[in-house]
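Contents: one structure, followed by commentary.
The values are calculated or read from the model by the stated rules, or taken from the named source; none is laboratory data. Just so it is clear, the structure is predicted and the values come from calculations on it, not from any experiment. Because the Cβ atoms are built from the backbone with ideal geometry, glycine has one as well, and the counts that use them run over all protein chains shown. SASA here: full protein model, heavy atoms, side chains in, ligands and nucleic acids out. Shrake-Rupley method; radii C 1.70, N 1.55, O 1.52, S 1.80 Å.
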Amino acid sequence: MKVIIIPEEEFRSKDCRLIFGPNRLIEFSVGKFRYFELNRPFPEEAVLHDISSNVTFLIFQIHSQYQNTTVSFSPTLLSNASETGTASGLVFILRPEQSTCTWYLGTSGVEPVQNMAILLSYSERDPIPGGCNLEFDLDIDPNIYLEYNFFETTIKFAPANLGYARGVDPPPCDAGMDQDSRWRLQYDVYQYFLPENDLTEEMLLKHLQRMVGVPQVKANALKVVTLTANDKTSVSFSSLPGQGVIYNVIVWDPFLNTSAAYIPAHTYACSFEAGEGSCASLGRVSSKVFFTLFALLGFFICFFGHRFWKTELFFIGFIIMGFFFYILITRLTPIKYDVRLILTAVAGSVGGMFLVAVWWRFGILSICMLCVGLVLGFLISSVTFFTPLGNLKIFHDDGVFWVTFSCIAILIPVVFMGCLRILNILTCGVIGSYSVVLAVGSYLSTSLSYITLNVLKRALNKDFHRAFTNVPFQTNDFIILAVWGMLAVSGITLQIRRERGRPFFPPHPYKLWKQERERRVTNILDPSYHIPPLRERLYGRLTQIKELFQKEQPAGERTPLLL
């Protein structure tokens, strides 16, 4: 997505002509949206008449969902005279007395492309987006460059310059840093979320209208950060695969109190082309199976975890071991996601059984409750940084983030050290119900799954610390949040009422087993005293199984019949 600037020497008359081929004519008006369809063999001509004399530059922009369109202002498609993309644009620096502009639009794709386009006008007092480009190829580049991966989406843009009148040389970009230069300009970065679970073209083009002009952007979008001329013109966000997001930047001149908008860029953090990882097939089967089984166990823990203490310990051990094992194999090995998930399930099961074995053999309640409290503390700490608090500049430093995160997680078991049963029941209700949220997130798009996913991303990717972790909170999220709260409150209330008058925790299993064994040995009147040892019982059972597969031997002597 690039914007091509028309040099003044290319104007040979009062018209600025952008030639792609002779065809139909589309007339534009400043500030009015036009919807139209482009076909491969039929490029179309566009024109704007009656440009006001107080307009010093125009920005034309055309948007499509994922298919590329081309704009050109030279007779041939040259790299410095045309641009192709899903959000392409042109900037017209107008000459004195110029009142008309024409250009041509087309597409190289086989399928027709539905587009939306608009022209915006600016005066000499407005700053020029990208007017002091020092990084990209064009001299003036008001384009927003966008790239994404699974972890983060990064936008880049060129610095702006002060506005100037027609026929006047532009202000120098590097002549001092006082208030009369472009260093006084500020950049507001905005983010706008499309409706969840809606990947339609009509929805994107409709909502793009809210992110084009300065008033619309300020009224509808979320301002994420304000940059000064001394800051790097690059901002990172957490990627949300399958969620449509529109980004734009407004440059503001605080001395004249004027603003101008860059060309907005949009992304779904996925590809619309068929294949693995496409927007139409984001939910992997392995993820759905894993989190569905995890949610079934979590749902049981939510309502019955304290009663079935060993099952809860397995659940807690599974979470701890699985989380750290997944981070380890992801950072150290290049194996595929499905294999990593299987190995994580195996490692988590081993961790769960190990924690159960530790309780059975040693019966140290404090160690087990420390693990339980840390899991609850991890979720509470994740929720804390899921709020706008997590986007504070101080927490973009990894050291500060992880120290603060760990302190919050450790604080939970310390606070509840005097009432361990309440801590255990709270963990069962909150963690068990959140596992249901994660399962729902593998089937439907929900922002609540990013509570823990953002922490996992930060542990896996060294550059994620610079990303802003804003997420949409829409109808689906409110419903799932209500379900999460209802399950947690119901599970906690049920377990507290059921455990009244009962021992806080079960006794040490190994001591009970040892006492029972000694009792059977010394008490000959106990029927269990006459039960053979386990080894003999197993050997007898194996002997019975072998006899089932042995051929029956003849009983007695048989002689043939003599005739």
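Summary table below
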quantity	calculated
Which listed residue is part of a helix (DSSP H, G or I) and out of contact with any His (no Cβ under 8 Å at 6 or more places or on another chain), from Ile335, Ile327	Ile327
Answer residue from the range 331-369, given it is at pLDDT below 95 and of a type in the set (S, T, N, Q) and is surrounded by the fewest Cβ atoms within 10 Å (Cβ to Cβ) among those	Ser366
Output for the range 99-118, where each listed residue is open to solvent by less than 10 Å² (accessible area, probe 1.4 Å), more than 18 Å from Phe57 (Cα to Cα) and among the aliphatic types (A, V, I, L, M)	Leu105, Val113, Met116
Pair list, Cβ < 6 Å and 6+ apart or interchain, from the range 220-231 residues that are under 24 Å from Leu134 (Cα atoms) to residues that are loosely packed, with under 15 Cβ neighbours inside 10 Å and not polar (S, T, N, Q)	none
Residue count for the range 15-36, restricted to those that are of a type outside the set (Phe, Trp, Tyr), modelled with pLDDT of 90 or more and under 20 Å from Thr84 (Cα atoms)	1
From the options Asp253, Asp180, Asp188, residue that is under 24 Å from Val91 (Cβ atoms) and open to solvent by 20 Å² or more (accessible area, probe 1.4 Å)	Asp180
Filter result (assigned to a strand (DSSP E or B) and open to solvent by less than 30 Å² (accessible area, probe 1.4 Å)) within the range 226-246	Leu227, Val235, Ser236, Phe237, Ser238, Val245, Ile246
Residues of the range 40-54 satisfying the condition of being of a type outside the set (A, V, I, L, M, F, W, C), modelled with pLDDT of 85 or more and open to solvent by less than 90 Å² (accessible area, probe 1.4 Å)	Ser52
Residue match in the range 172-182 (condition: in a helix (DSSP H, G or I) and touching a residue at least 40 places away in the same chain (Cβ under 8 Å))	yes
Cross-chain or 6+ apart pairs with Cβ under 7 Å, the range 371-384 first and closer than 7 Å to Ile412 by Cβ, then assigned to a helix (DSSP H, G or I) and open to solvent by 50 Å² or more (accessible area, probe 1.4 Å)	Gly377/Ile410; Gly377/Leu411
Search result, residues across the range 191-210 that are open to solvent by less than 70 Å² (accessible area, probe 1.4 Å) and over 22 Å from Tyr145 (Cα atoms)	Pro195, Glu196, Asp198, Thr200, Met203
Check on Gly213, in the same structural domain as Asn257 (by the TED database), under 22 Å from Ser52 (Cβ atoms), surrounded by fewer than 22 Cβ atoms within 10 Å (Cβ to Cβ) and among the small types (Gly, Ala, Ser)	yes
2 or more residues under 20 Å from Thr153 (Cβ atoms) and open to solvent by 30 Å² or more (accessible area, probe 1.4 Å): qualifying helices (runs of 4 or more DSSP H) within the range 398-506	450-460
Exclusive hit being open to solvent by less than 50 Å² (accessible area, probe 1.4 Å), in a loop (DSSP other than H, G, I, E, B) and either in contact with a helix residue (DSSP H, G or I) (Cβ under 8 Å, 6 or more places away or on another chain) or not assigned by the TED database to the domain that holds Ile364 (or both), set Ile263, Ile301	Ile263
